[in-house]
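Step one of this worksheet: look at the structure below.
The values are calculated or read from the model by the stated rules, or taken from the named source; none is laboratory data. In this text the structure is predicted, and so the values were computed from the model without any measurement. Every residue, glycine as well, gets a Cβ built from its backbone with ideal geometry; the counts of neighbours run over all protein chains shown.
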């Protein structure tokens, strides 16, 4: 993951023109540039030449027109929580900060949808709609902006029930590189009217245009929410239970796996009592009372058949919060296993029938490489993360960590999976894109050339050169 | 909808080259050309110059290479059930018949997915997977090929629960116009690895390439399936009940609306006993027994609050089949209202909060135009069809029918909806594309130019010239 940075593009003329219009919303101080030059958990800062704070779609249009005219790179920026180097300014240029575009534009309880500016975070949206009995389910962990979540096709713990950003995004406002403002999709639940531009921009990581508004699905807060943990004799038993749950069509809202090592970390970090250092499923059920009770009974039976213990329930809000806070803090808990270490998260996603095998081979590989690498998984989707800890000062360990990461991506592909379940490609996974997509990569390159002919949108990302 | 046909392209050289390789699988008889030159319910035949029957992806590649070389149009063809003129050979050329590519390539019960060739029909797939306890839920009415369903982004009665072809298609094999074979997506439930080519080809109506294989999600046959009908005092009451059901998050598998006129047709045509000529919801519940009972009770309460009568149940397979057969036959029932008439189906889809208003205004417009036009609706999605009956020999009536259709599309757009919920654009809706998409149409044109630079793929469709 040590990426050589080319000589940055000269953005001087563009910055001068932007200053004329936006004044001190064009910032070139070292601190703000550095803060915009790396994502979460990354070490190599690649600062942009300037940061421009946009307040409206019209302003984004004006900024892009200047950058397109001067062929200066533009990197859309939300709150900087991306994980694969998406916002590092490889070729310099402008970081286009959308965090001030944070208005919830409309909410419809009848239609279960809303329109938001791209800088609204998922937590802010949930705070906004809660009083209407609504919620936005996607939860990738970080309090990311919704624009950023769309750009990376994020998902997280609720995706098994509610889908990913691909499914919950009904439409977008996008500014194309030449400054045109286009609206994609709409408010209808489905449409067969033309190419699916919404799904093309979702997951495009800022390489085709800038998402400035989103029309998103919302959901009614369920009448009954129940959470539970279930501990298993073996990792395979835990995953076999998940496969059975999916096959039975039990509509769980969340099914999260933590391996024994990650449980050790969480028990220590979040002071979880009464739980063993064993493979564990965190479960959440949404529905009406009788349906939830029935799901619970079904899951209990399935767990028992697969070496699982009794389900430990958390129906009260506080207990549920404690449980899911521990899950949310898994990243920090993992880091506490080796204080001073750095970490990165792998992101394989495989067909569920291969998940046990994939995780077991992966944990064996980590052991063989003498690495500390706990596992957390959105196992209902076949997606798991290994949090690989390494000492950044130890070049050999860093090399082993990277070897592990590449091995996981190759294993995922060999099993019919993907190199990225939800974090995207950015800079770090580009080297594996050809292995995943083959000749389809040429189609992706044609799309990029057609929609960003001057190559100003987040250049050097996602598509290998 | 009277479309002037340009002079067809000279396909002679291409046909000769194709004959060299494919012999009598290149057909130029009038009957087969005519059968490939119109869709369902359409009258204006625009035959291709030849029909070529492909047996494999490699053959499709060879056919496209010839046609690209000679700049001859290619129109992918499944079983000819599209409704908007998608397969009419506006500019002549080759109808590429995929119906012989009808193998189910693999089925995984553990992963709840399958891979099929594009010519497999949805009924054939269901027959194939039933013994494994699986089913493919999408049901657009016609026994369409899965390739055709993907190409038009089809959905139907189960979409409220299981999604449309957009949601259930995990990946594709696509042959691009120059004959390249690309695989999009994969078997992972989700992926953030690059542009979403799968969703780009789904709904592209054969204008970007030829879909030859599909990786599709399957679902376990539910433990309990219950069906019911509920009749209402008013159309508004029926739709208000649907809105309440959606807001409560009751996970119905189907919620279909038939208006009083359509009920009159169905009662006569399918000999439904004990039902009145009143607005009616057809409902289907999937799940485990207690959950289904609870859903039933909730729906009963909601219906009563909105002027609905008691739910009439059909738990036994035969009763359910009778009920849904009547729903399936709604089209033929409607035609029986005026024997000898022709019909077409409108396809508006609006935000659910506007659905009652949209349907009521539309039925009033039909009355004002003195047209017989019953309504059936996939109301859980906000989608409804009006089956407009007209005497093809009566030019004035045909003109009024077309005025009604255009009015519905404009009304849908004015309410934040789409001109096509599930039938696509083809030839017939092209005139409304600019009204729906505005500047986004330019982006669609860029995509078309990038991926089909010679314009051989189903030319003259979807994107207005």
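Within segment B:314-323, the residues that satisfy the criterion of being more than 28 Å from residue B:386 (Cβ to Cβ) and either assigned to a helix (DSSP H, G or I) or at pLDDT 85 or above (or both) are B:317, B:318, B:319. Condition test on residue B:184, is it assigned to a strand (DSSP E or B), facing another protein chain (nearest Cβ under 7 Å) and touching a strand residue (DSSP E or B) at 6+ places or on another chain (Cβ under 7 Å)? So residue B:184 fits the description; yes. Quick check: anything in segment A:444-451 out of contact with any helix residue (DSSP H, G or I) (no Cβ under 6 Å at 6 or more places or on another chain) and on the phi > 0 side of the Ramachandran plot? The answer is no, given that none of the residues of segment A:444-451 is out of contact with any helix residue (DSSP H, G or I) (no Cβ under 6 Å at 6 or more places or on another chain) and on the phi > 0 side of the Ramachandran plot.
Condition check ((1) under 30 Å from residue A:441 (Cβ atoms); (2) within 7 Å of chain A (Cβ to nearest Cβ); (3) over 19 Å from the mean Cα position of the chain (by Cα)) across all residues:
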{"residue": "B:403", "(1), (2), (3)": "no, no, yes"}
{"residue": "B:407", "(1), (2), (3)": "no, no, yes"}
{"residue": "B:428", "(1), (2), (3)": "no, no, no"}
{"residue": "B:434", "(1), (2), (3)": "no, no, yes"}
{"residue": "B:437", "(1), (2), (3)": "yes, yes, yes"}
{"residue": "B:447", "(1), (2), (3)": "yes, yes, yes"}
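Just one residue in the set A:333, A:326, A:304 is modelled with pLDDT of 90 or more, within 19 Å of residue A:378 (Cβ to Cβ) and out of contact with any strand residue (DSSP E or B) (no Cβ under 6 Å at 6 or more places or on another chain); that residue is A:333. Among the residues of segment B:88-110, those that are assigned to a loop (DSSP other than H, G, I, E, B), under 18 Å from residue B:455 (Cα atoms) and in contact with a helix residue (DSSP H, G or I) (Cβ under 9 Å, 6 or more places away or on another chain) comprise B:89, B:93. Please verify whether segment B:445-465 includes one or more residues that are modelled with pLDDT of 95 or more, touching a strand residue (DSSP E or B) at 6+ places or on another chain (Cβ under 8 Å), farther than 21 Å from residue B:76 by Cβ and surrounded by 23 or more Cβ atoms within 10 Å (Cβ to Cβ). No, every residue in segment B:445-465 fails to be modelled with pLDDT of 95 or more, touching a strand residue (DSSP E or B) at 6+ places or on another chain (Cβ under 8 Å), farther than 21 Å from residue B:76 by Cβ and surrounded by 23 or more Cβ atoms within 10 Å (Cβ to Cβ). For segment A:161-173, which residues satisfy the criterion of being more than 8 Å from chain B (Cβ to nearest Cβ) and either over 18 Å from the mean Cα position of the chain (by Cα) or touching a residue at least 60 places away in the same chain (Cβ under 8 Å) (or both)? Across segment A:161-173, the qualifying residues are A:161, A:162, A:170, A:171, A:172, A:173.
Could you say which residue among B:373, B:364, B:442, B:434 is touching a residue at least 24 places away in the same chain (Cβ under 8 Å) and part of a helix (DSSP H, G or I)?
Among B:373, B:364, B:442, B:434, only B:434 is touching a residue at least 24 places away in the same chain (Cβ under 8 Å) and part of a helix (DSSP H, G or I).
When you look at residue B:157, is it assigned to a helix (DSSP H, G or I), over 18 Å from residue B:85 (Cα atoms) and touching a strand residue (DSSP E or B) at 6+ places or on another chain (Cβ under 9 Å), yes or no? For residue B:157, the condition - assigned to a helix (DSSP H, G or I), over 18 Å from residue B:85 (Cα atoms) and touching a strand residue (DSSP E or B) at 6+ places or on another chain (Cβ under 9 Å) - is not met. Given B:98, B:90, B:138, B:146, which one is within 12 Å of chain A (Cβ to nearest Cβ) and crowded, with 20+ Cβ neighbours inside 10 Å? That would be B:138, the only listed residue that is within 12 Å of chain A (Cβ to nearest Cβ) and crowded, with 20+ Cβ neighbours inside 10 Å.
Restricting to segment A:395-430, count the residues that are in a helix (DSSP H, G or I), out of contact with any helix residue (DSSP H, G or I) (no Cβ under 8 Å at 6 or more places or on another chain) and under 19 Å from residue A:85 (Cβ atoms).
7
Do we find a residue being buried (at least 19 other Cβ atoms within 10 Å of the Cβ), under 21 Å from residue B:235 (Cβ atoms) and within 13 Å of another protein chain (Cβ to nearest Cβ) anywhere in segment B:316-326?
no
Counting only residues that are crowded, with 17+ Cβ neighbours inside 10 Å and assigned to a loop (DSSP other than H, G, I, E, B), segment B:12-39 holds 4 of them. Scanning segment B:103-132 for residues that are surrounded by fewer than 19 Cβ atoms within 10 Å (Cβ to Cβ) and more than 14 Å from chain A (Cβ to nearest Cβ) yields a count of 9. Restricting B:209, B:249, B:237 to those that are under 30 Å from residue B:58 (Cα atoms) and out of contact with any helix residue (DSSP H, G or I) (no Cβ under 6 Å at 6 or more places or on another chain) reduces the list to B:209. If you go through segment B:456-465 and pick out every residue that is touching a residue at least 60 places away in the same chain (Cβ under 8 Å) and either over 19 Å from the mean Cα position of the chain (by Cα) or within 15 Å of residue A:196 (Cα to Cα) (or both), you end up with 6. Can you tell me which residues in segment B:192-243 are more than 26 Å from the chain's Cα centre (by Cα) and in a loop (DSSP other than H, G, I, E, B)? Listed by number, the residues that qualify are B:192, B:193, B:194, B:223, B:233, B:234.
Inspection of segment A:291-301 identifies no residue that is more than 26 Å from residue B:292 (Cα to Cα) and touching a strand residue (DSSP E or B) at 6+ places or on another chain (Cβ under 7 Å). If the condition is being under 14 Å from residue B:260 (Cα atoms) and either touching a helix residue (DSSP H, G or I) at 6+ places or on another chain (Cβ under 8 Å) or surrounded by 20 or more Cβ atoms within 10 Å (Cβ to Cβ) (or both), then segment B:367-379 contributes B:372, B:373, B:374, B:375, B:376, B:377. Summed over segment B:261-301, the residues that are within 14 Å of chain A (Cβ to nearest Cβ) and either more than 20 Å from residue A:251 (Cβ to Cβ) or in a strand (DSSP E or B) (or both) give a count of 5.
Quick check on residue A:350: is it touching a strand residue (DSSP E or B) at 6+ places or on another chain (Cβ under 9 Å) and either buried (at least 22 other Cβ atoms within 10 Å of the Cβ) or modelled with pLDDT of 95 or more (or both)? Considered against the rule, which asks whether it is touching a strand residue (DSSP E or B) at 6+ places or on another chain (Cβ under 9 Å) and either buried (at least 22 other Cβ atoms within 10 Å of the Cβ) or modelled with pLDDT of 95 or more (or both), residue A:350 comes out as yes.
For first residues located in segment B:212-223 and away from chain A (no Cβ under 13 Å), partners that are modelled with pLDDT under 95 and buried (at least 23 other Cβ atoms within 10 Å of the Cβ) and lie 6+ apart or on another chain with Cβ distances below 7 Å do not occur.
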